Amino acid sequence: MFSKAYSAVIHGIDGLIVSVEADVSDGLPLFDMVGLLNSEVKEARERVRIALKNSGFKLPAKRITVNLSPADIRKEGTAFDLPVAIAILTAFGHVLEDNLDSTLIIGELSLNGNINKVNGVLPLVYSAKREGFLRCIIPKGNAGEGAVVDGIKTYGVSTLLEAVELLNDLDTRQPEHMDLKEVFANSADKDDVDFSEVAGRLAIKRAIEIAVSGMHNILMIGPPGSGKTMLAKRIPTIMPDLSFDESMEISKIYSIAGLLNNRALITRRPFRSPHHTITTTALVGGGAIPKPGEISLAHLGVLFLDELPEFNRNTIEVLRQPLEEKSVTISRHHGSFHYPAGFMLVASMNPCSCGYYPDRNKCNCSLPMVKRYLSRISKPLLDRFDICIEAMQIEYKELQQKKEEESSSDIRKRISVARQIQMDRYKGQGIWFNCQLTPSSIKKYCKLDKEGEALLEKAFIKMNLSARAYHRILKVARTIADLDSSDGINIKHISEAICYRSLDEKYWGE
Ligand SMILES: Nc1ncnc2c1ncn2[C@@H]1O[C@H](COP(=O)(O)OP(=O)(O)OP(=O)(O)O)[C@@H](O)[C@H]1O
Ligand SMILES: [Mg+2]
Ligand SMILES: [Zn+2]
């Protein structure tokens, strides 16, 4: 007696289909599992055996062999328990064979036959749809994420018995349904902070507005108490809404990381602010069972590194490649895979170890000490910040002014306009923000007038800019023009973009 069920395994942020074959034959009673397995899947053998018994199935003493294939991909996690149990039960004739071909099955079994939640259901269901499966059986606890995938029926089940009953009579149940409009409508969380609480600081607020509009990387440098952290913490309150496609892309990553926390989808842009003690693996991803790191959890949102020089230098240097490629490659001896990492980097730092350089009334650090402190941020990393802005010590007058400050919702309105302009311009090209423009698309979309051209040329020579800096200036200028609802990039836009590069020279120059 032979049967075949289907399941899937996560690879990067995609699912790969795995077939689960069970063979039952006469001979010494034995339960064997083959295929490239790690210890977790071997433990599955015990869980399945006991769960079958505790679900009331008395199986005759036979030789059972289960094979997971293809053999050359690593099958990790506990999600194979349920398909293995179903394949065995089918081989023994307890489950109708008819529906197995068109059903993808995912779920971890408890010893009592209950089905537990697993990570990565959303991308797995996605891959099932892509591969032409008609339905998925998934843990009840993951039913929400399964239901958001259009064009495939998903059924959430709580016990092994329930899964068996369902496969034997599909008409007994309606597939899960999710009203996506409602999910998005309910996502408008109220923020407990607002930009209106920040007195003055107009230049920095403007720089942040530009950065968020085009998702450009921004570095704030200044003395303690100048409001850097305060400003950064308010960035989520002005981030533009997520489109459905963006939400899906982020949700897949959170599904794999097991961070959906009972939500069907992530409906707000991520804002991740890891502590400076974070390890390289936690930041960029990886590990024995590969997991997305903070840079992928911040995909299409913000990665905030407060006190940047306090991070391990090697750890932040690893950011250089993903900052350029907007994805990260994790290599393993059995192959490499990619996680998306299209985040906007927001960082803050003091200019020296006491924090007050270049204010010589307060800072006694020697110049070599200052240089050493600043050199914790390498030039190539610095080059990747499109916008560098100084947060000077706040003056009493600025703090005390009675003027009403602009609220987050006012700023957000302007950002939404710039965002819509970008969405319309790049429709169908897989680009959402100006920061994603490649050198060839920069040529196409960031045309300067004569005056602007001349200014940029002068700045390029005088500031000794890199090719990367040149492209990044053009992208920021594009965003400034978009905030101005201007088709063309004029001298005003380009000169503001160049200004945001001038701090390199002031602090890091020779
Ligand atoms: N512009 C401002 N308006 C209102 N309050 C402010 C402003 N700037 C700073 N503050 C107050 O000062 C506190 C400290 O600011 P914040 O922690 O953001 O400084 P910082 O620049 O991050 O300093 P550090 O370099 O020490 O981390 C804030 O919590 C807030 O109470
Ligand atoms: Mg701070
Ligand atoms: Zn100092």
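The values are calculated or read from the model by the stated rules, or taken from the named source; none is laboratory data. Keep in mind that what you see is a predicted model, and the values were worked out from it rather than measured. In this analysis, Cβ positions are derived from the backbone assuming ideal geometry, glycine residues included, and neighbour counts consider all displayed protein chains.
General remarks:
- Only one of the listed residues (PRO240, PRO175, PRO223) is closer than 29 Å to ALA497 by Cα, surrounded by 15 or more Cβ atoms within 10 Å (Cβ to Cβ), more than 16 Å from ligand 2 (Cβ to nearest atom) and modelled with pLDDT of 90 or more. That residue is PRO240.
- Any chance LYS129 is of a type outside the set (A, V, I, L, M) and assigned to a helix (DSSP H, G or I): yes
- The set of residues in the range 109-126 being crowded, with 21+ Cβ neighbours inside 10 Å and touching a strand residue (DSSP E or B) at 6+ places or on another chain (Cβ under 7 Å) consists of LEU109, GLY113, ILE115, VAL118, GLY120, VAL121, PRO123, LEU124, VAL125, TYR126.
- Evaluation of SER407 against (1) assigned by TED's automatic domain parsing to the domain that holds PHE244; (2) farther than 29 Å from PHE343 by Cα; (3) touching a helix residue (DSSP H, G or I) at 6+ places or on another chain (Cβ under 7 Å) (one fails), failing number: (2)
- Scanning the range 302-352 for residues being within 16 Å of ligand 2 (Cβ to nearest atom) and not hydrophobic (A, V, I, L, M, F, W, C) gives a total of 7.
- Flag for ILE250 being within 30 Å of ALA185 (Cβ to Cβ) and in contact with a His (Cβ under 8 Å, 6 or more places away or on another chain): yes
- Residue check, CYS499 of a type outside the set (Lys, Arg) and buried (at least 21 other Cβ atoms within 10 Å of the Cβ): no
- Residue match in the range 333-350 (condition: more than 13 Å from ligand 1 (Cβ to nearest atom), assigned to a loop (DSSP other than H, G, I, E, B), more than 21 Å from TYR254 (Cα to Cα) and in the same structural domain as HIS276 (by TED's automatic domain parsing)): yes
- Check on ARG376, more than 16 Å from ligand 1 (Cβ to nearest atom) and either in contact (Cβ under 8 Å) with a residue 24 or more places away in the chain or at positive phi (or both): no
- Exclusive hit being more than 12 Å from ligand 3 (Cβ to nearest atom), without any contact (Cβ under 8 Å) to a residue 12 or more places away in the chain and over 18 Å from GLY222 (Cβ atoms), set SER331, SER366: SER331
- Qualifying residue in the range 385-404 (condition: touching a His at 6+ places or on another chain (Cβ under 9 Å), charged (D, E, K, R) and surrounded by 15 or more Cβ atoms within 10 Å (Cβ to Cβ)): yes
- Screening ASN361 with (1) more than 16 Å from ligand 1 (Cβ to nearest atom); (2) under 29 Å from the mean Cα position of the chain (by Cα); (3) among the polar types (S, T, N, Q) gives one miss only, at (2).
- Note on the range 457-473: residues that are surrounded by 19 or more Cβ atoms within 10 Å (Cβ to Cβ) and under 18 Å from SER441 (Cα atoms) total 3.
- Any hit, the range 92-115, residues being β-branched (Val, Ile, Thr) and either in a helix (DSSP H, G or I) or out of contact with any helix residue (DSSP H, G or I) (no Cβ under 9 Å at 6 or more places or on another chain) (or both): no
- In the set (1) in contact (Cβ under 8 Å) with a residue 12 or more places away in the chain; (2) among the polar types (S, T, N, Q); (3) within 20 Å of ASP386 (Cα to Cα), the condition left unmet by ASN464 is number (1).
- From GLU325, GLU307, residue being out of contact with any helix residue (DSSP H, G or I) (no Cβ under 7 Å at 6 or more places or on another chain), at positive phi and surrounded by fewer than 22 Cβ atoms within 10 Å (Cβ to Cβ): GLU307
- Count of the range 41-65 residues which are part of a helix (DSSP H, G or I), modelled with pLDDT under 90 and either surrounded by fewer than 17 Cβ atoms within 10 Å (Cβ to Cβ) or not assigned by TED's automatic domain parsing to the domain that holds ILE88 (or both): 3
- Yes/no for SER69 being farther than 20 Å from LEU167 by Cβ and in contact with a strand residue (DSSP E or B) (Cβ under 7 Å, 6 or more places away or on another chain): yes
- Single residue of ARG234, ARG263 found to be within 15 Å of ligand 1 (Cβ to nearest atom), over 15 Å from the mean Cα position of the chain (by Cα) and at negative phi: ARG234
- Taking the criterion of being under 20 Å from VAL346 (Cβ atoms) and either within 16 Å of ligand 3 (Cβ to nearest atom) or not assigned by TED's automatic domain parsing to the domain that holds ARG206 (or both), the residues of the range 385-404 that qualify are GLU390, ALA391, MET392.
- Among the residues of the range 358-373, those identified as surrounded by fewer than 18 Cβ atoms within 10 Å (Cβ to Cβ) and either assigned to a helix (DSSP H, G or I) or of a type in the set (Val, Ile, Thr) (or both) are LEU367, PRO368, MET369, LYS371, ARG372.
- So LEU399, is it more than 30 Å from GLU197 (Cα to Cα) and either without any contact (Cβ under 8 Å) to a residue 12 or more places away in the chain or within 15 Å of ligand 1 (Cβ to nearest atom) (or both): no
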